[in-house]
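Following: one structure in structure tokens, then a few remarks.
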Amino acid sequence: MRFIRAWITPLIALFIAFAIGAILMITQGSDPVKAYQSLFTTAFSTQEGLAKTFGKATPLAISGLAVVIGLRAGLFNIGAQGQLISGALAAAWAGYAITGLPMIAHVPLCLLIGGFFGSIVGYIAGALKAYRGIHEVITTIMLNSIVLQLAEYLSNGPLKEEGSIIARTPEVLDTAKIGSVAGLPIGFFLSGLLALGVWWIFKKTTTGFRFETVGKNKNAAWYAGIAVKRNTVFAMVACGALAGFGGAVETLGVVGKFEPAFNQGLGFDGITIALLARANPLAVIPGAILFGGMRGAGPTMQFSAGVSPEIIDLILAIVLFFVTAPIISRILKLKNDTTTQVTSGWGSN
């Protein structure tokens, strides 16, 4: 019953979002059945569609996992976007500037560099939270803006591709590119392994236990001998490293270079996915696939059913609202231990 209850709110949120989307399509004079049929057929019924869906889902899943770690540790990591961008830019630089390495060494090095730079952004927010008491929502929002502006400057200045009229870095070398298996991006399989790894950490290790204990009750954690400040910083570093890794995968496996416009919104969609998954690492993957399919096949709705492309953003926003709104839990009379919280530990299934 607890497992069923944990899934009720996300499923109802999706149903309500699609229903409201259908009503809005009708007011536009469009056929919602045709629109949704086109959306899901394009995203999931062909090899090309699945490849695009999984490619879109990969950074969403990894950034969602970055948010999940924070939620389980009692931290609301709004900064996944900035952490992802820093990792994407760092991996792009490593991908074209470091030469002479075989693929088996170049790709892991680029991914590690991306994760490292993402962890630096996470460390700043974690340290300010632990040692200065500054709320992570404030610091991560500000860091998002700082990182974005810095990335814009670098990709339009010192790291800009020679001869390009837009802000972007040179293309990464072939030895740094992440390929595909059976037409599906390798990055997606990496995201699945990461989800299993995060689940295992929280289920089987003392590190995960300490994170969740700090998230649920800092005073009890301190009384039990857990270093609260150190674990707060460590959790934010892990969040940043995962998000930066996701940005690196996006650069090396999808875009092939860093271009600011291609990374917009990925970190914020990761927040929605983490909330939809109820902070369950394994549930992040199906959520990312759904969102990736909607993002990848969204333009098809515009051409096949005459639906405004902004309808996808609206549906995702409605999902986020209803997943976090306590009204659903009150309507369903769920127990307190299944209600959504974003500033304390989750302890999800």
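The values are calculated or read from the model by the stated rules, or taken from the named source; none is laboratory data. Please read all numbers here as calculations on a predicted model, not as lab measurements. Reconstructed Cβ throughout: ideal geometry from the backbone, glycine too, with neighbour counts over all protein chains shown.
List of remarks:
- Residues that are part of a loop (DSSP other than H, G, I, E, B), under 20 Å from T99 (Cβ atoms) and out of contact with any Lys or Arg (no Cβ under 6 Å at 6 or more places or on another chain), drawn from the range 165-195: P170, V172, L173, K177, I178, G179
- Just one of the listed residues (P299, P260) is more than 20 Å from the chain's Cα centre (by Cα) and at pLDDT below 90, and it is P299.
- Identification of helices (runs of 4 or more DSSP H) wholly contained in the range 1-112 with 3 or more residues that are over 14 Å from G267 (Cβ atoms) and of a type in the set (S, T, N, Q) yields 32-44.
- For the range 217-250, the set of residues classified as out of contact with any helix residue (DSSP H, G or I) (no Cβ under 8 Å at 6 or more places or on another chain) and either charged (D, E, K, R) or in a helix (DSSP H, G or I) (or both) consists of N219, Y223, listed by residue number.
- Among the residues listed as V198, V137, the single one being part of a helix (DSSP H, G or I), crowded, with 21+ Cβ neighbours inside 10 Å and β-branched (V, I, T): V198
- As for the range 57-76, it holds at least one residue that is surrounded by 24 or more Cβ atoms within 10 Å (Cβ to Cβ), within 17 Å of V284 (Cβ to Cβ), of a type in the set (S, T, Y) and at pLDDT 90 or above.
- Cβ-Cβ under 9 Å pairs, at least 6 apart or on other chains, the range 300-324 side at negative phi, far side basic (K, R) and not in a helix (DSSP H, G or I): V323/R278
- Residue count for the range 206-228, restricted to those that are closer than 22 Å to G115 by Cα and either at pLDDT 95 or above or more than 23 Å from the chain's Cα centre (by Cα) (or both): 0.
- For T232: the one exception among (1) within 29 Å of G187 (Cβ to Cβ); (2) under 21 Å from the mean Cα position of the chain (by Cα); (3) not acidic (D, E): (1)
- Residue within the range 256-264 that is crowded, with 19+ Cβ neighbours inside 10 Å, touching a residue at least 60 places away in the same chain (Cβ under 8 Å), hydrophobic (A, V, I, L, M, F, W, C) and assigned to a helix (DSSP H, G or I) present: no
- Among the conditions (1) free of Cβ contacts under 8 Å to residues at least 12 places away in the same chain; (2) in contact with a helix residue (DSSP H, G or I) (Cβ under 9 Å, 6 or more places away or on another chain); (3) closer than 20 Å to G267 by Cβ, A195 misses just one, which is (1).
- Single condition F189 does not satisfy, out of (1) touching a residue at least 24 places away in the same chain (Cβ under 8 Å); (2) within 23 Å of A243 (Cβ to Cβ); (3) hydrophobic (A, V, I, L, M, F, W, C): (1)
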